[in-house]
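Taking it in order: structure first as C-alpha cells, then the write-up.
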2 protein chains.
Amino acid sequence: MSNKKLLPPKTGDLADWYTTIIQLADLSDYGPAKGTMIIKPYGYAIWELIQEAMNPLIKAKGVQNAYFPLFIPMSLLEKEANHVEGFAPELAIVTHGGGEKLEEPLVVRPTSETIMYNSFSKWLQSWRDLPIMMNQWNNVVRWEKRTMPFLRTSEFLWQEGHTAHVAHDEAADMQKWAMDMYAHIYRNFFALDGYVGYKSASERFAGADTTLTYESLMPSGKALQACTSHDLGQNFAKPFNITFQDKEGVDAFAWQTSWGLSTRSIGGLILAHGDDNGLRLPPKLAPTQIVIVPVRPEPELITYCKELVNQLQQAGTRAAIDDRDDESFGFRLNKAEVKGIPIILKIGSKELEQKLVTAKRRFDGYEEQISLDVIANKLSQSLDEIQAMMLKASQEYTTKNTREASDYDEFKRIQSEHKGFIKVYWNDNAAVEKQIKDETTATSRCMIEDGVSGTDFVTGEPATQQWIFAQSY
Amino acid sequence: MSNKKLLPPKTGDLADWYTTIIQLADLSDYGPAKGTMIIKPYGYAIWELIQEAMNPLIKAKGVQNAYFPLFIPMSLLEKEANHVEGFAPELAIVTHGGGEKLEEPLVVRPTSETIMYNSFSKWLQSWRDLPIMMNQWNNVVRWEKRTMPFLRTSEFLWQEGHTAHVAHDEAADMQKWAMDMYAHIYRNFFALDGYVGYKSASERFAGADTTLTYESLMPSGKALQACTSHDLGQNFAKPFNITFQDKEGVDAFAWQTSWGLSTRSIGGLILAHGDDNGLRLPPKLAPTQIVIVPVRPEPELITYCKELVNQLQQAGTRAAIDDRDDESFGFRLNKAEVKGIPIILKIGSKELEQKLVTAKRRFDGYEEQISLDVIANKLSQSLDEIQAMMLKASQEYTTKNTREASDYDEFKRIQSEHKGFIKVYWNDNAAVEKQIKDETTATSRCMIEDGVSGTDFVTGEPATQQWIFAQSY
C-alpha cells in the first residue's frame with residue numbers, strides 16, 4: 001500500500017491533509033495527555049536545524065543562553081497585572097509535590113518574563129551590568145481548548161530572549177534586531193515570506209508596549225503569527241523593581257524586551273510548502289537533503305549508491321540512502337516524496353552502466369540526468385536553486401493574495417471571496433477591531449506602514465497608518 | 001573587594017565552599033520555588049559543551065533525538081509497579097489546567113519511560129522496526145526535600161536515551177555502549193575518573209533488571225553517582241504491551257534499555273576540581289579556555305590584546321579578553337581564577353615591548369613567558385596538557401582513596417578514618433546492605449568484578465564478586 005494514497009488532496013480539506021501528512025511523514029504523534037504532542041525524530045531534526053541556524057546569530061549579538069525554572073510561584077506571575085490577566089485562562093497549575101499539598105500553587109511557565117525578571121532585579125546593580133541579554137531554549141505550557149499538532153499545542157518548545165537596557169532606544173533597537181533576525185530565518189531558511197509590523201492594542205502581548213510580528217499567509221488564506229518581539233517598556237521593571245544606578249548615581253528603572261520563536265513555526269513550514277504528494281521541505285531545513293533510491297537491492301548497485309552517498313556527504317550535503325529490501329522501488333520513491341526530501345536520486349542498471357544518476361527535484365518534479373563526475377557540485381547548486389525557488393513561490397503567493405480595500409464593504413467582499421491578506425488604512429481602535437472580528441472573523445495582523453496618508457476603512461476618518469488584516473490561526 | 005576573600009577554604013567546610021563558589025563564579029542561582037535552580041550563562045555554557053560532546057556520539061550510534069510531552073497521565077505512570085513505587089514520593093502533580101480541575105491528574109515527568117513506551121507500543125509492528133533508539137534532552141522534576149545546586153535539585157536538565165530491541169543480548173550491548181560512552185565523556189571531557197559497575201538490588205533503578213553506573217569520588221570522600229544505564233529487560237514491554245512480529249511471524253515482547261546523564265554532572269565537575277581559589281575547569285568543558293588580562297586599559301595594550309585574542313580564536317581555542325576599565329588588574333586576575341579559566345594571559349608594557357605574553361596555568365599555577373610567534377600552537381598544546389594533568393590527578397585521587405577491607409570491622413574502621421571507596425568481596429543482599437547503611441551510612445556503589453573468588457566481608461561466606469562501597473551524595 002502506498003502512503004500517498006492515504007493522503008487527501010491538499011486543495012480539499014486542508015486541516016485533514018495537515019493532520020494526515022504529519023502522521024504519514026513521521027513528524028509527530030499525539031501525546032496521551034490532552035493537547036500534548038510527541039515530536040518524532042524527523043520533526044525534531046527540523047527543530048534542531050532551526051536551532052543551529054538561530055543560535056549563532058543570537059550568540060553573535062552577545063545574548064547568552066541560560067536556563068530558568070519551569071515552576072513559577074503564582075504570586076510572582078501576578079505581579080504584572082496585564083500579564084497575568086492575559087495568561088490566566090491558559091495556566092497549568094501544580095498543587096502537590098513530594099506527596100504533600102503545596103502552600104503556594106506553582107504555575108508551569110507559559111512564558112518566563114516573571115521568573116526571569118525576579119532574578120534580573122536581584123542581579124542588576126549598576127549601569128555597568130547592562131545590557132542583560134539572555135535566551136533560553138525550553139518548553140512552555142499554555143492550556144488550549146482546541147489543539148492542532150505544531151500550530152497549537154498545550155506544550156510547545158521555543159526560544160525566549162529577554163533583555164534589559166539602560167534606555168528605551170536601546171530596547172527598541174533590540175526589539176527590532178530580534179525581528180530582523182527572525183525575518184532572516186523565515187525568508188532564508190523556512191523560505192516563507194511574510195509581513196513584518198506592529199501589533200494592534202488588542203493583539204499585542206500581555207504586558208508589552210509594542211509587539212512586532214512576522215505574519216505569513218497559509219494556503220487556507222489564514223495568517224500564521226510566526227514569532228513575536230516585544231518592547232516591554234518599564235511595565236515589568238516597575239513591579240519587579242529592576243533598577244540600576246545610572247552614570248550620575250541616580251536610581252533608574254531598566255527598559256526591557258522579550259522575543260520568541262516556537263515549534264509552531266514547523267506547522268507553518270508544513271502547511272505552506274506541502275502539496276498533494278506530501279511535504280516539500282526547503283533544503284536548509286531538510287534533515288535529509290538528498291536521498292538515493294536504488295531500483296533493486298543488488299550488491300553492485302548498492303555499492304555504487306554507497307560510494308555516491310559518501311561523496312555527497314563529504315561535499316557537505318545531508319545525503320542518505322534508502323535501500324530497505326522489504327519495500328518496493330515505487331514505495332521508497334513515494335516515501336521520499338511524502339517526506340519532502342528536496343532531491344531524490346533514482347539509480348538503476350542504466351545509471352550504473354553509464355555512470356550517471358537521475359535526479360528529481362521534489363519541489364517542481366523536474367528530472368534530469370547528471371554525470372557522476374560533476375554530481376556533488378551540481379547537486380549543491382541545485383539545493384541552493386530549490387531554496388531560492390521556494391522563497392520566490394512564497395513571495396508570489398503573498399503578493400497575489402494581498403488585496404487592498406478602501407472601505408469596509410470592499411473589505412467584507414474580499415474576505416468572503418478570497419480570504420488572504422487585506423491592506424487597509426486604519427486607526428488602531430480596540431472597539432472597531434472587535435466589531436470587525438465579530439462580523440468577519442478577521443483581525444488586524446500588523447501595521448506595515450506609518451506616517452502615510454489615507455482614509456480609515458471603517459470610520460472614514462483620516463488615517464496615517466497602513467495595516468494588514470486577515471483571519472488567523 | 002576581591003571575590004576570592006569571600007570564598008571559604010575548600011579544605012574546610014566543603015558544602016560551604018561549594019555553595020559559595022557556585023554563586024561567586026556565576027554558575028547558578030536559587031530559583032524562587034523551593035529546590036529549583038537558575039542555571040546562569042556561565043553554568044549553562046558548560047552544559048552546552050557537554051551536549052556538544054555527547055550529541056555526535058549518540059547520533060553516530062544511530063540514536064535519534066526526539067521530544068515527548070512533559071505531562072504523564074497518572075494511570076500511565078502506574079503501569080509498571082516498581083517504577084511508580086520508586087518515584088511516587090518525588091512527584092509534582094498538576095491538578096488544574098485552563099481554569100478547571102482536571103479529570104485525571106498529570107504527573108510532571110520524573111523520567112520518561114512510561115510516556116515514551118506508551119508510544120513505542122503503538123509504533124512497533126515488526127522486527128524490521130527494531131531497534132527503536134531515541135534520545136531526548138529535556139527537563140525533569142523530582143521533588144527533593146534537601147537540595148543542593150546542580151547535585152540535587154527539584155528540576156534538572158538531562159538527556160535520556162531509550163531503546164527497544166529484538167533480543168536481550170542486543171539490549172545488554174546497548175546498555176554497555178551507553179556506559180562506555182559516558183565513561184569516555186567523564187574521563188576525556190570532565191577529567192573525572194570513576195568506577196564503572198553494576199548496582200546492587202537496593203540501589204538499582206526502579207524498573208530495571210540491572211543498572212550500570214559511573215561512580216566518581218568527591219573531595220568529601222563521598223561518591224557521586226554520575227550517570228546510569230539500565231537494562232530494563234521486558235519489565236516495561238509487558239505492561240505496556242510493546243510487542244513485535246518476529247522473523248517467524250510470532251509475537252514477541254521487546255527488550256529495552258534507558259540511560260541518562262544530567263546537570264548533576266556539573267556539580268561533580270565543580271566539587272572534584274575546584275580549590276581554595278575557585279573553580280578549575282578542564283579545558284574541554286571550559287566556556288573560556290584562555291583569558292587575556294591587560295594590566296591597564298591603555299589603547300596600545302588593548303590593541304595588542306585584541307589582535308592576540310583573534311589569533312587564538314582562529315587557532316580554534318575559546319579565547320576572550322577581560323578589559324573592563326572599572327576593575328583593577330588584580331581584581332580581573334582573581335575573577336579569572338575564581339571562574340577556573342584554564343589559561344590566564346597577563347599582558348603589560350614589558351610583554352608589549354618584547355612581543356610575548358606571560359601565561360599562567362590555573363590548574364597548578366605554573367607560569368611561563370611565551371613568544372608571540374609561537375603562542376597559538378603553544379597554548380593549544382598547553383590546553384591538552386592541562387586536560388591530561390587533571391585526569392591524572394583524578395585517577396591518582398581515586399586510587400589513593402580506594403582501600404580494601406577483608407571484614408566488616410576493617411570496613412568500619414576505614415569508614416570512620418578515611419571515608420572514600422572501600423573495595424570488598426560481597427554477595428549482593430538487600431538486608432545486609434540495609435544493615436551496613438544503618439550502621440555506617442555507606443552503601444554499595446557498584447560491582448566492579450564478577451567471577452572472582454573471595455570471602456563476603458560481612459557474612460564470611462564465599463563470594464564471587466568484588467564491590468565498591470562508599471557514602472554517597
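The values are calculated or read from the model by the stated rules, or taken from the named source; none is laboratory data. It should be emphasised that the depicted structure is a prediction, and the values quoted were computed from it without experimental measurement. With ideal geometry, Cβ positions are generated from the backbone for all residues, glycine too; neighbour counts draw on all protein chains shown.
State all residues of the stretch A:360-395 that are small (G, A, S), under 30 Å from the mean Cα position of the chain (by Cα) and over 20 Å from A:I270 (Cα atoms); if no residue qualifies, say none. Outline the logic, then answer.
So the first thing to find is which residues in the stretch A:360-395 are small (G, A, S), and the list is A:365, A:371, A:376, A:380, A:382, A:388, A:393-394.
Within this subset, residues satisfying the condition of being under 30 Å from the mean Cα position of the chain (by Cα) are A:365, A:380, A:382, A:388, A:393-394.
The answer is A:S380, A:S382.
Taking only the stretch A:182-206 into account, find how many residues are hydrophobic (A, V, I, L, M, F, W, C), surrounded by fewer than 21 Cβ atoms within 10 Å (Cβ to Cβ) and modelled with pLDDT under 95.
Total meeting the criteria: 2.
Can you name every residue in the stretch A:360-370 that is closer than 17 Å to A:A191 by Cβ and assigned to a strand (DSSP E or B)?
Within the stretch A:360-370, just A:R361 meets the criteria.
Specify which of the listed residues (B:E78, B:E100) is within 29 Å of the chain's Cα centre (by Cα) and either surrounded by fewer than 21 Cβ atoms within 10 Å (Cβ to Cβ) or within 8 Å of chain A (Cβ to nearest Cβ) (or both). Quick ask: steps written out before the conclusion?
Values: B:E100 fails: within 29 Å of the chain's Cα centre (by Cα).
So the residue among B:E78, B:E100 that is within 29 Å of the chain's Cα centre (by Cα) and either surrounded by fewer than 21 Cβ atoms within 10 Å (Cβ to Cβ) or within 8 Å of chain A (Cβ to nearest Cβ) (or both) is B:E78.
Which of the numbered conditions does B:K59 fail, given that it passes all the others? Conditions: (1) touching a Leu at 6+ places or on another chain (Cβ under 8 Å); (2) closer than 28 Å to A:L49 by Cβ.
Only one criterion is unmet by B:K59, namely (1).
Residues that are among the basic types (K, R) and more than 9 Å from chain A (Cβ to nearest Cβ): does the stretch B:113-127 have at least one? Let's see the steps before the verdict.
First pass over the stretch B:113-127, keeping only residues among the basic types (K, R): B:122.
Retained after the next criterion (residues that are more than 9 Å from chain A (Cβ to nearest Cβ)): none.
Within the stretch B:113-127, none of the residues are among the basic types (K, R) and more than 9 Å from chain A (Cβ to nearest Cβ).
Having 1 or more residues that are among the charged types (D, E, K, R) and in the same structural domain as B:D209 (by TED's automatic domain parsing) is the bar; report the strands (runs of 3 or more DSSP E) wholly within the stretch B:243-352 that clear it. Walk me through how you get there before you give the answer.
Details: elements: B:243-245, B:251-253, B:255-262, B:290-294, B:319-321, B:343-347.
It comes to B:251-253.
Go through the stretch A:28-87 residue by residue and tally those that are acidic (D, E) and in contact with a Ser or Thr (Cβ under 9 Å, 6 or more places away or on another chain).
First pass over the stretch A:28-87, keeping only residues acidic (D, E): A:29, A:48, A:52, A:78, A:80, A:85.
Of the ones still in play, those that are also in contact with a Ser or Thr (Cβ under 9 Å, 6 or more places away or on another chain) are A:29, A:78, A:80.
Count: 3.
How many residues does the stretch A:450-469 hold that are under 15 Å from A:A405 (Cβ atoms) and either of a type in the set (D, E) or not in a strand (DSSP E or B) (or both)?
Looking only at the stretch A:450-469, we keep the residues that are under 15 Å from A:A405 (Cβ atoms), and these are A:454-460, A:463, A:465-469.
This time we only want the ones that are either of a type in the set (D, E) or not in a strand (DSSP E or B) (or both), so: A:456-460.
So the answer is 5.
Which members of the stretch B:197-251 meet the condition of being of a type in the set (V, I, T) and in contact with a Lys or Arg (Cβ under 8 Å, 6 or more places away or on another chain)?
Once the filter is applied, which keeps residues that are of a type in the set (V, I, T) and in contact with a Lys or Arg (Cβ under 8 Å, 6 or more places away or on another chain), the stretch B:197-251 yields B:T210, B:T211, B:T213, B:T228.
Does the stretch A:34-51 contain at least one residue that is under 25 Å from A:G221 (Cα atoms) and part of a loop (DSSP other than H, G, I, E, B)?
Yes: the stretch A:34-51 contains one or more residues that are under 25 Å from A:G221 (Cα atoms) and part of a loop (DSSP other than H, G, I, E, B).
Residue check: is A:T211 touching a His at 6+ places or on another chain (Cβ under 6 Å) and not in a loop (DSSP other than H, G, I, E, B)?
Details: touching a His at 6+ places or on another chain (Cβ under 6 Å): yes; not in a loop (DSSP other than H, G, I, E, B): yes.
It is true that A:T211 is touching a His at 6+ places or on another chain (Cβ under 6 Å) and not in a loop (DSSP other than H, G, I, E, B).
Taking the conditions exactly as written (touching a helix residue (DSSP H, G or I) at 6+ places or on another chain (Cβ under 6 Å), farther than 16 Å from B:P297 by Cβ and in contact (Cβ under 8 Å) with a residue 40 or more places away in the chain), does B:Q387 satisfy them or not?
Values: touching a helix residue (DSSP H, G or I) at 6+ places or on another chain (Cβ under 6 Å): yes; farther than 16 Å from B:P297 by Cβ: yes; in contact (Cβ under 8 Å) with a residue 40 or more places away in the chain: yes.
Spelling it out, B:Q387 is indeed touching a helix residue (DSSP H, G or I) at 6+ places or on another chain (Cβ under 6 Å), farther than 16 Å from B:P297 by Cβ and in contact (Cβ under 8 Å) with a residue 40 or more places away in the chain.
Among the listed residues A:P41, A:P73, identify the single one that is closer than 22 Å to B:V94 by Cα and either assigned by TED's automatic domain parsing to the domain that holds A:G161 or out of contact with any Gly (no Cβ under 6 Å at 6 or more places or on another chain) (or both).
Details: A:P41 fails: closer than 22 Å to B:V94 by Cα.
None of the others qualify; the one that does is A:P73.
Provide a single number: the residues in the stretch A:128-150 that are away from every other protein chain (no Cβ under 11 Å), within 21 Å of the chain's Cα centre (by Cα) and surrounded by fewer than 22 Cβ atoms within 10 Å (Cβ to Cβ).
3
Across the stretch A:13-66, which residue is nearest to A:M134 (Cα to Cα) among those that are of a type in the set (D, E, K, R) and within 12 Å of chain B (Cβ to nearest Cβ)? Give the steps one after another, and end with the answer.
If we filter the stretch A:13-66 for residues that are of a type in the set (D, E, K, R), which is where we start, we get A:13, A:16, A:26, A:29, A:34, A:40, A:48, A:52, A:59, A:61.
With within 12 Å of chain B (Cβ to nearest Cβ) added as a condition, the list becomes A:26, A:29, A:34, A:40, A:48, A:52, A:59.
Details: A:D26: 33, A:D29: 32, A:K34: 32, A:K40: 28, A:E48: 20, A:E52: 17, A:K59: 10 Å.
Per the criteria, the residue is A:K59.
Quick check on my filter: what residues within the stretch A:3-57 are among the hydroxyl-bearing types (S, T, Y), over 20 Å from A:F189 (Cα atoms) and buried (at least 18 other Cβ atoms within 10 Å of the Cβ)?
Our first condition is that a residue be among the hydroxyl-bearing types (S, T, Y); within the stretch A:3-57, this holds for A:11, A:18-20, A:28, A:30, A:36, A:42, A:44.
Checking the rest, the ones that are also over 20 Å from A:F189 (Cα atoms) come to A:11, A:18-20, A:28, A:30, A:36.
A:Y18, A:S28, A:Y30, A:T36, listed by residue number.
For the stretch B:115-167, what are the residues that are closer than 16 Å to B:F244 by Cβ, polar (S, T, N, Q) and either not assigned by TED's automatic domain parsing to the domain that holds B:G62 or not in a helix (DSSP H, G or I) (or both)?
Residues satisfying the conditions are B:Q125, B:S126, B:T163.
When you go through A:P69, A:P89 one by one, which is the residue that is surrounded by 23 or more Cβ atoms within 10 Å (Cβ to Cβ) and within 11 Å of another protein chain (Cβ to nearest Cβ)?
Working: A:P89 fails: surrounded by 23 or more Cβ atoms within 10 Å (Cβ to Cβ).
Going through A:P69, A:P89 in turn, the sole match is A:P69.
Which of the numbered conditions does A:D373 fail, given that it passes all the others? Conditions: (1) out of contact with any strand residue (DSSP E or B) (no Cβ under 6 Å at 6 or more places or on another chain); (2) outside any loop (DSSP other than H, G, I, E, B); (3) under 28 Å from A:E215 (Cβ atoms).
Going through the list (1) out of contact with any strand residue (DSSP E or B) (no Cβ under 6 Å at 6 or more places or on another chain); (2) outside any loop (DSSP other than H, G, I, E, B); (3) under 28 Å from A:E215 (Cβ atoms), A:D373 breaks only (3).
Considering each residue of the stretch B:138-166, count those that are out of contact with any strand residue (DSSP E or B) (no Cβ under 6 Å at 6 or more places or on another chain) and over 28 Å from A:N138 (Cα atoms), and give that number.
Qualifying residue count, the stretch B:138-166: 1.
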